[in-house]
Every structure is written in C-alpha cells, then in structure tokens.
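Below is one structure, written out as structure tokens, with a few remarks after it.
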Amino acid sequence: MRFLAIGRHSAAYSTADAEALMPAEMSTASELYREQFIREGYMDVSYTEAVLLIDADDPATVTDQLNRYPLVKGGLIQFEITRLVGLPAITVANQASHPPAWWPADPV
C-alpha cells in the first residue's frame with residue numbers, strides 16, 4: 001500500500017533539541033530510504049514540515065517505522081498518515097494489464 005506521511009513540529013519542539021538529534025535523524029531517514037520504506041521525501045520551504053511518500057503493508061507498519069525517527073521518539077515531531085490510492089484515470093490507463101503493486105486490493 002502507499003501512504004502519505006506529513007510530519008509537523010509538536011508543541012514540545014525546540015530548535016536546540018532538534019539540532020542535537022539531527023545527525024541521528026538524518027541517519028534514520030537514510031536507512032528508511034535504503035530499505036525502500038520511504039519512496040520520496042520532501043520538506044516545505046520553511047523546513048517545518050516533512051512530506052514522505054511511503055510503501056508499507058499496513059498503517060501499523062507505517063507508524064512503527066516512523067517511530068524510529070529520533071525526533072518522533074523525543075516528542076518533537078508527529079506524523080499525520082493518510083492511505084493513498086492511485087487516480088484511476090491516470091494509474092490504470094498507464095498500466096499494461098494490471099495496477100501497480102501498491103494499488104490496494106480492497107479500496108476503501
């Protein structure tokens with residue numbers, strides 16, 4: 001399945017705390033990307049929101065994996081997770097015979 005995860009600063013966020021955790025945060029992001037959990041990642045122009053496109057089997061896996069981030073563990077950021085499905089007019093029209101692997105078998 002494909003998910004959108006948007007990370008935002010929590011009320012407990014402080015720049016000093018975030019900077020202290022940043023080397024570990026960047027290492028975790030690299031690991032999650034190498035593991036193909038994170039497919040794409042972006043930041044807004046003010047660097048206050050992280051936007052991740054994720055492939056995972058279920059929402060619980062998404063939460064578990066995102067909880068590996070030191071800023072999440074430290075309560076400095078929190079993620080909003082949304083399950084995605086492809087736009088049929090675009091996705092199906094561009095597939096030879098079947099939808100992509102992340103297309104849900106049971107769309108909600």
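A few comments on the model shown:
- Vicinal HN-Hα couplings computed from phi for segment 77-86 (Karplus, 6.51 cos²θ - 1.76 cosθ + 1.60; Hz; Gly/Pro x): 9, 9, 10, 9, 10, 10, 6, 10, 10, x
- For segment 40-51, Karplus couplings with θ = phi - 60° (6.51, -1.76, 1.60), whole Hz, Gly/Pro x: 8, x, 9, 10, 6, 5, 8, 6, 9, 10, 9, 10
- When the chymotrypsin sites (Phe, Trp or Tyr not before Pro) in segment 1-56 are filtered for DSSP coil states and for at most 12 other beta-carbon atoms within 10 Å of their beta-carbon, the remaining sites are 47.
Just so you know, all these numbers are worked out from the coordinates, no wet-lab data involved. Everything quoted here is computed from the prediction, not taken from an experiment. No Cβ is skipped: glycine too gets one built from the backbone with ideal geometry, and neighbour counts run over all protein chains shown.
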